[in-house]
2 protein chains.
Amino acid sequence: MNILEKISLDMAEFSKSEKKVAEVILANPQVAIHSSIAALAKMSNVSEPTVNRFCRRLDTKGYPDFKLHLAQSLANGTPYVNRHVDEFDGPSEYTNKIFESTMAALEVARQSVDIAMVNRVVDLLTQAKKISFFGLGASASVCHDAVNKFFRFNVPVVHFDDILMQRMSCMNSREGEVVIFISHTGRTKSLVDVANIARENDATVIGITTEGSPLSKACNYVLSLSVPEDTDLYMPMASRIAQLTLIDVLATGFTLRRGNKFRENLKRVKDTLRNSRFNRQENN
Amino acid sequence: MNILEKISLDMAEFSKSEKKVAEVILANPQVAIHSSIAALAKMSNVSEPTVNRFCRRLDTKGYPDFKLHLAQSLANGTPYVNRHVDEFDGPSEYTNKIFESTMAALEVARQSVDIAMVNRVVDLLTQAKKISFFGLGASASVCHDAVNKFFRFNVPVVHFDDILMQRMSCMNSREGEVVIFISHTGRTKSLVDVANIARENDATVIGITTEGSPLSKACNYVLSLSVPEDTDLYMPMASRIAQLTLIDVLATGFTLRRGNKFRENLKRVKDTLRNSRFNRQENN
DNA sequence: AAATATTTGTAATTTTACTACATTTGTAGT
DNA sequence: ACTACAAATGTAGTAAAATTACAAATATTT
């Protein structure tokens with residue numbers, strides 16, 4: 001396992017001084033691998049043995065061995081870890097932390113995606129007579145985006161923010177229609193209600209939500225995403241990005257299934273938009 | 001560059017003893033990274049300084065530095081790159097490619113962000129009497145999301161999909177109000193028109209768009225994002241994710257600027273949502 | 001074959017990491 | 001509030017590792 005992730009994961013188990021070391025390393029791992037134990041100890045304001053103990057706590061043989069692991073983590077292409085923003089961060093720190101946390105979350109999400117389920121859902125979507133996307137709050141904008149994508153496919157696709165419209169829409173659903181519900185927690189009551197209505201009316205109900213949630217139980221198929229949500233700032237951030245990316249995956253799967261001729265069609269849709277735009281100087 | 005490749009490439013330039021060292025390393029690099037210079041010298045039947053010289057010939061600082069490079073080569077990580085989906089990809093391939101391309105795009109975006117401008121925009125937002133978000137098509141859902149975030153801050157924030165409503169809203173804007181326009185290309189005519197109206201009415205106009213685009217010229221401030229857009233499938237994907245992440249950055253900067261007491265407030269907003277949810281079994 | 005250049009090794013030096021032990025800090029019980 | 005114990009951190013000494021300077025050996029050139 002990536003040792004950088006492990007450090008941020010084990011953060012709770014570290015002692016006060018060990019945390020100092022961890023923070024210095026996470027803040028700038030590139031510097032850490034090129035420092036001696038003495039230099040790192042000084043940077044962290046701790047003694048050398050503390051650094052050594054820190055390394056051993058991470059199941060390495062000692063400091064040199066730790067550096068080796070660290071170097072491998074950095075080479076791995078993912079120096080991205082869920083780094084929490086704190087109140088003393090300047091613009092440079094919080095900007096980088098948020099981008100990196102988002103990338104880290106995407107990596108975790110990628111590994112948690114059930115590929116077989118993606119394939120099945122793409123199957124269902126290509127055969128659907130109608131596709132609906134429902135979500136509330138932050139997930140509503142994900143639905144909005146999904147509609148924007150699937151609309152280009154010339155498929156009947158709908159979305160309502162309004163909970164009553166959602167209910168009515170599901171009430172009228174029938175076999176062969178697919179309804180996708182998006183919710184990170186999967187515990188929004190009214191959305192679960194709507195999902196149940198859709199299911200009672202024989203629609204194929206798909207959830208993009210957390211495994212085992214109330215919403216997931218109301219669905220025929222669940223595409224679960226595990227994302228380490230950053231709760232520090234009380235806002236959904238990474239979960240939403242992961243959902244959007246998953247929508248991109250579904251849309252891509254959809255176009256691939258439809259074949260080459262279909263992609264010509266997509267190009268036409270895009271060309272249509274061209275007239276609403278200023279031309280570029282460069283040809284493209 | 002991968003140092004293992006470099007070793008086999010430079011083989012011709014090595015002296016007799018250095019070749020011995022190179023062969024031992026190539027034969028079993030995993031062992032090499034866990035050996036001391038003395039052990040490796042013994043394995044290669046050469047003296048310690050010879051190993052040291054061998055390392056320097058490969059443009060490393062010395063033996064420990066060489067081991068670091070070697071470890072990174074062995075980590076064999078495929079850094080995230082923009083991998084294009086092709087028509088023969090199965091679900092596993094396209095899923096991973098899309099996640100990886102998205103991560104790669106975020107990395108590029110992160111490096112292209114103008115931190116000073118982020119700081120200035122956060123400044124403007126905290127002082128704004130009203131904040132508006134306008135975008136069309138795929139960018140509309142980004143606006144939707146931005147509103148969802150900033151609304152929690154108890155700031156007057158508005159968003160319209162409707163181009164006429166956007167015009168009217170900007171017509172009535174005044175000094176001290178901030179209008180943010182989101183568009184990847186920055187070449188959507190009607191949006192540029194609206195931006196000009198906003199500017200004529202003394203609003204502070206901010207663009208999240210490509211540098212040098214028509215839209216960027218209509219703005220007082222531009223937050224440019226360079227994203228390698230995947231044009232294969234004729235859909236905006238990565239650009240949108242980058243925009244959303246940038247919105248997250250702005251929202252985070254906003255909350256940090258407002259201080260601790262303000263974050264208590266955010267927690268209250270979140271707690272309010274709790275009543276609309278099914279409770280979790282675990283306490284949280 | 002002698003002279004020079006290049007490579008390689010030996011031994012001393014310096015740097016680095018580790019261990020044992022002492023001190024401090026924190027915690028629980030009287 | 002104090003004592004006793006446990007956990008944590010640091011100090012100083014020791015061991016190990018890497019590097020340097022220099023000497024010996026091996027090629028190379030004339």
Test set (1) touching a helix residue (DSSP H, G or I) at 6+ places or on another chain (Cβ under 8 Å); (2) surrounded by 14 or more Cβ atoms within 10 Å (Cβ to Cβ); (3) not β-branched (Val, Ile, Thr) - residue A:36 fails condition number: (1)
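Quick check, is residue A:102 at the interface with chain B (Cβ under 9 Å from one of its Cβ atoms) and over 28 Å from residue B:33 (Cβ atoms)?
yes
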Residues (among the polar types (S, T, N, Q) and either open to solvent by 30 Å² or more (accessible area, probe 1.4 Å) or away from DNA strand D (no atom under 12 Å from the Cβ) (or both)) located in segment B:40-71: B:44, B:45, B:47, B:52
Condition met for residue B:185 (in a loop (DSSP other than H, G, I, E, B), hydroxyl-bearing (Ser, Thr, Tyr) and open to solvent by 10 Å² or more (accessible area, probe 1.4 Å)): yes
Members of segment B:117-134 found to be away from every other protein chain (no Cβ under 13 Å) and buried (at least 20 other Cβ atoms within 10 Å of the Cβ), listed by number: B:128, B:131, B:132, B:134
Subset of segment A:8-33 (residues that are loosely packed, with under 15 Cβ neighbours inside 10 Å and within 14 Å of DNA strand C (Cβ to nearest atom)): A:15, A:16, A:31
Selection count where residues are under 20 Å from residue B:3 (Cβ atoms) and touching a residue at least 12 places away in the same chain (Cβ under 8 Å), scope segment A:33-65: 1
Any chance residue A:2 is without any contact (Cβ under 8 Å) to a residue 60 or more places away in the chain, more than 12 Å from DNA strand D (Cβ to nearest atom), surrounded by 15 or more Cβ atoms within 10 Å (Cβ to Cβ) and within 11 Å of another protein chain (Cβ to nearest Cβ): no
Test: residue in segment A:79-94 that is within 13 Å of DNA strand C (Cβ to nearest atom) and of a type in the set (Phe, Trp, Tyr): no
Count of segment B:138-162 residues which are of a type outside the set (S, T, N, Q), at pLDDT below 90 and open to solvent by 40 Å² or more (accessible area, probe 1.4 Å): 3
Flag for residue A:273 being at pLDDT 70 or above and either closer than 27 Å to residue A:152 by Cβ or not aromatic (Phe, Trp, Tyr) (or both): no
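The values are calculated or read from the model by the stated rules, or taken from the named source; none is laboratory data. As the structure is a computational prediction, the values presented were derived from the model and not from experiment. Note that each Cβ is placed from the backbone with ideal geometry, even for glycine, and that neighbours are counted across all protein chains shown. Surface areas here come from the heavy atoms of the whole protein model, side chains and all, with no ligands, DNA or RNA. Shrake-Rupley method; radii C 1.70, N 1.55, O 1.52, S 1.80 Å.
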